[in-house]
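Undergrad: Pasting in a structure now, in structure tokens, and then I'll have a few things to ask.
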Amino acid sequence: MNESRMKKAGVVACIAAVLYALPHYWWGLGFGFAFPGDFQETPDDFWSHAIGYWGMGTIAMLAAVFALAFARPWGRRLPKWMLVVPATAGSVLLSLWGFIYFALQYLLAVGRVQSAPMHAAQDASPMAAWGYFWYALFLVWGISLGIAAYHAGKTSWQKTEEYFTK
């Protein structure tokens, strides 16, 4: 049962990573669809595109392959710690990133904080609503990665325990 949950969580984390990566590529090509803010106001220089769009998209695609290791037979060939340790760290960071965004949006909505003047126009843009989708994606990605890591670690620990109790 744990292995089934690990596989499902790995697939969900993979899908979330791909959904994050793909828009970065089309933003790198100059298409602003689903950009969380005013796409025309973003820096239009080589390094902004190389790192912010192409680099982040490629890192997310590599993370998608990593997450798929929890669901595919080739992932079983890797030592469990090589999956569990980075997945746990990624889970914590991605989940916190998503949660903090929603906490900040709540604080903005109730008037406890205000946008910095340099971000006020971007936050007021109708496209800023895409932020809710992207940061919810971070939550899904982080939580599913954590579930996969938990079940991979639990399965590994059970096998180790069985080995020593025989």
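Undergrad: Could you tell me which residue of region 33-52 is nearest to the chain's Cα centre (by Cα), considering only residues that are open to solvent by less than 40 Å² (accessible area, probe 1.4 Å) and of a type in the set (A, V, I, L, M)?
TA: Among them, the one singled out is ALA34.
Undergrad: Of the residues GLY30, GLY55, only one is surrounded by 14 or more Cβ atoms within 10 Å (Cβ to Cβ) and either under 18 Å from TYR135 (Cα atoms) or not aliphatic (A, V, I, L, M) (or both); which?
TA: So the residue among GLY30, GLY55 that is surrounded by 14 or more Cβ atoms within 10 Å (Cβ to Cβ) and either under 18 Å from TYR135 (Cα atoms) or not aliphatic (A, V, I, L, M) (or both) is GLY55.
Undergrad: For region 82-112, how many residues are open to solvent by less than 50 Å² (accessible area, probe 1.4 Å) and outside any helix (DSSP H, G or I)?
TA: Number of matching residues: 0.
Undergrad: Here's another thing I want to ask about it. On the basis of being within 30 Å of LYS154 (Cα to Cα), modelled with pLDDT under 90 and surrounded by 12 or more Cβ atoms within 10 Å (Cβ to Cβ), does ARG72 make the cut?
TA: no
Undergrad: Sticking with this one: How about region 54-74: which of its residues are farther than 15 Å from TRP141 by Cβ and under 15 Å from the mean Cα position of the chain (by Cα)?
TA: Scanning region 54-74 gives GLY55, THR58.
Undergrad: Which pairs have Cβ atoms under 6 Å, sit 6 or more apart or on different chains, and link a residue in region 10-24 that is closer than 15 Å to GLY90 by Cα to one that is open to solvent by 10 Å² or more (accessible area, probe 1.4 Å) and β-branched (Val, Ile, Thr)?
TA: Close Cβ pairs satisfying both conditions: ALA16/VAL140.
Residues checked against (1) assigned to a helix (DSSP H, G or I); (2) hydrophobic (A, V, I, L, M, F, W, C):
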residue	(1), (2)
TRP27	yes, yes
PHE31	no, yes
ALA34	no, yes
TRP47	yes, yes
GLY52	yes, no
GLY55	yes, no
THR58	yes, no
ALA64	yes, yes
GLY75	yes, no
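Undergrad: So ASP44 passes all but one of these: (1) farther than 30 Å from LYS154 by Cβ; (2) at pLDDT 90 or above. Which condition number does it fail?
TA: (2)
Undergrad: I've got another one for you. Scanning region 144-164 for residues that are of a type in the set (Val, Ile, Thr) and modelled with pLDDT of 60 or more, which turns out nearest to CYS14 (Cα to Cα)?
TA: So, considering only residues that are of a type in the set (Val, Ile, Thr) and modelled with pLDDT of 60 or more, the one nearest to CYS14 (Cα to Cα) is ILE147.
Undergrad: Also: Give the residue, chosen from GLY98, GLY32, that is closer than 20 Å to ALA136 by Cα and in contact with a Leu (Cβ under 7 Å, 6 or more places away or on another chain).
TA: Residue meeting the stated conditions: GLY98.
Undergrad: If a residue has to be in contact with a Phe, Trp or Tyr (Cβ under 7 Å, 6 or more places away or on another chain) and either open to solvent by less than 30 Å² (accessible area, probe 1.4 Å) or part of a loop (DSSP other than H, G, I, E, B) (or both) to count, how many in region 5-19 make the cut?
TA: 6
Undergrad: Here's a follow-up. Quick one: which of LEU104, LEU22, LEU29, LEU108 is touching an Asp or Glu at 6+ places or on another chain (Cβ under 8 Å) and modelled with pLDDT under 95?
TA: LEU108
The values are calculated or read from the model by the stated rules, or taken from the named source; none is laboratory data. Small disclaimer: the values here were computed from a predicted structure and weren't measured. In this analysis, Cβ positions are derived from the backbone assuming ideal geometry, glycine residues included, and neighbour counts consider all displayed protein chains. In case anyone asks, the SASA skips ligands and DNA or RNA and just uses the protein heavy atoms, side chains included. Shrake-Rupley method; radii C 1.70, N 1.55, O 1.52, S 1.80 Å.
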